[in-house]
Amino acid sequence: GTDPNDNSFRRGQVSENARMPVFGLKAGDAAWFAVIEEGDAVASISADISGKKNSYNFIHSSYTLRGEDELELYTGATIQEIQLLNDEIYKGDIQVRYSFLDKDKASYSGMAELYRNKLVAEESLQPLTEGKDIPFYLDMLGAVDKQKSFLGVPYRSEISMTTFEQATEIATQLKQDGIDRLLMRYSGWSGKGVNHETPSKLKTEGVLGSKSELLELSKTLEQAGGALFPDIAFQQIYHNDGGFSPSSDASRFVTREEAELYPYNRALNRMDMTLGSYFLLSPAKLPYFVDTFMNKYESFEMKGVSLRDLGDILSSDFRVSRVIQRQTAKEIVEEQLGKLDEKIDQTLVAGGNAYAWPYSDNLINVPTSSSGFVLTDEEIPFYEMVVHGYINYSGTPVNLSDDQDLGKQVLRSIELGTAPHFSWSYEPSSKLKFTHFDNMYSTYYKDWYDQAVSMYKEVNKVLSPVQNAQIVNHIRHQEGVVEVQYSNGTSIYVNYTDKDTTVNGVPVGAGQYGVGGERS
């Protein structure tokens, strides 16, 4: 129920964790931790500090049992807002399991250990047993649509940012420069580019090359120890192209309107209609689209697939004849993830909500920072502390990050255990001007190539020895100086400050990191 990019630790020792149905509170050397086991898809979590309304820090879960919306009626110059409630109430169970911790376990590290052990016991997380190198995640930008004109008549057509041949060239070059585990997520490989056709209409985008060239790219990556993950969106439908009909296939709001949404414009702090639109697919129709996709995808002989939204989005459907609550939608999504995981060797999931973990071999765009709200004191890597050693993961692409200090990005990656992740195109980013993708203003691979290879080698040297280990403790020794302890006895120290320091006898220079051996 929280901001999907929020991974904060609130003042008053209240933890707020994104993408996981958990919450907890610590006071002194005692703490409690709660996991929402049933009803998590209709839940939200609220927290606040003492001194505002009462003398207690508090945190609690709440549940939306009915769909709720506002309908605006325009009468002359005035606007009336009518509150609408859906007739059908959530009839499923709500179950919250509380655990109590004390002494050295009464911390966010203890809470992460408790949650991790629970998931391992349920076999929702499986230990990694992989080789020596961490992954290098590379988003390759394929085709995008751009407005053109013919005899003064505007029309939209696809342009290539990276053809299949060019992607093969980049993969070969990276292999020669020592990247032995390249995991390439290819966006915009199918018809109509990034905002592709309905998944049931599966074909390669002509401006990028032939199907055989795509297969050659996959083969090149496999021979180099990597893998190709063609990207597909199932729940966000960008075209009414015959394979999808909004009137029968789209989710509906409580107002009975079709769920047509627009991309979020950070500059305007709202959805922007100029960036195009997409429909949310009704969960009732999801099994059909997944089955149809799988039948056609078999002919591509791919060992991997990238799921853009299946582990990231849950949508209800308030169609009068077919109300689907978010909890039911979650169950449907889990079933489809299971089918895909069974049929395909490797899955790469963007976002990665907790229900997607059992079906995920790789996670990208996981939360690596907080919302930055004034109320928060610290950021803690709770998400990473739970999944490290069980699923390979990375944050958002380095070259598209708000923070362009590569030295700080290296430190952040080492602290969080995140593999390097870049988003590239073979063509210069200037070709994206006046498209819906002009926020990807720094994708030109030649601008980042040397820095990316250098960053990977540095991070891999530190993280590869601990990639199959669990994070057992995360300690903030002082502001800007942290220690990450792993289950194999290794400790990694990160110093974000501008002053040299020593932690547990290990010297750590300003803006540097250090690695310690066995702990007593």
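Segment 207-277 and segment 87-103 have their alpha-carbon centroids 34 Å apart.
Of the solvent-accessible surface of the chain, computed with a 1.4 Å probe and all protein chains present, 48% belongs to carbon and sulfur. Each of H436, V305, L337 was scored by the projection of its Cα onto the charge dipole of the chain, and the greatest displacement toward the positive side belongs to H436; charges sit on the C-beta of Lys, Arg, Asp and Glu. The order of L337, L375 by accessible area, most exposed first and with a 1.4 Å probe, is L375, L337.
Computed about its Cα centre, the charge dipole of segment 394-520 is approximately 220 debye, with only Lys, Arg, Asp and Glu carrying charge at their Cβ. A Cβ-based charge dipole, computed about the Cα centre of the chain with Lys and Arg at +1 and Asp and Glu at -1, lands at about 180 debye.
The residue list T274, A106, Y390 was ranked by how far each Cα lies along the charge dipole of the chain toward its positive end, using unit charges on Cβ atoms, and T274 comes out on top. Heavy-atom accessible area with a 1.4 Å probe sorts L65, L208, largest first, into L65, L208.
Sites listed here are chymotrypsin sites (Phe, Trp or Tyr not before Pro) in segment 216-300 whose DSSP assignment is loop and whose Cβ has at most 10 other Cβ atoms within 10 Å, and the list is empty. Rolled with a 1.4 Å probe across the full set of protein chains, the surface gives V506 an accessible area near 30 Å².
In this simple spin-label model, placing a label point 7 Å from the Cα along the Cα-to-Cβ direction at both Q95 and Q80 gives a separation of 4.6 nm. Ranking Y493, S200, Y262 by Cα position along the charge dipole of the chain, where only Lys, Arg, Asp and Glu carry charges on their C-beta atoms, puts Y262 farthest toward the positive end. Each Cα pair under 8 Å and six or more residues apart adds its separation to the average, and for the chain the resulting relative contact order is 15 percent. Of the chymotrypsin sites (Phe, Trp or Tyr not before Pro) found in segment 47-143, the ones in coil according to DSSP and having at most 16 other Cβ atoms within 10 Å of their Cβ are Y56.
The trypsin sites (Lys or Arg not before Pro) of segment 385-435 that meet both conditions, a loop assignment by DSSP and at most 11 other Cβ atoms within 10 Å of the site Cβ, are K433. Compute the separation of the alpha-carbon centres of segment 335-387 and segment 50-76 and state it in Å as a whole number. If we compute the Cα centre of each part, the gap is 27 Å. Rounded to the nearest 20, the Cβ-based charge dipole of segment 145-303 about its Cα centre (Lys and Arg +1, Asp and Glu -1) stands at 320 debye.
The values are calculated or read from the model by the stated rules, or taken from the named source; none is laboratory data. What you see is a predicted model, and the numbers here were worked out from it, not measured in a lab. All Cβ positions, glycine included, derive from the backbone under ideal geometry; neighbour counts span all protein chains shown. What goes into the accessible areas is simple: the full protein's heavy atoms, side chains included, and nothing from ligands, DNA or RNA. Shrake-Rupley method; radii C 1.70, N 1.55, O 1.52, S 1.80 Å.
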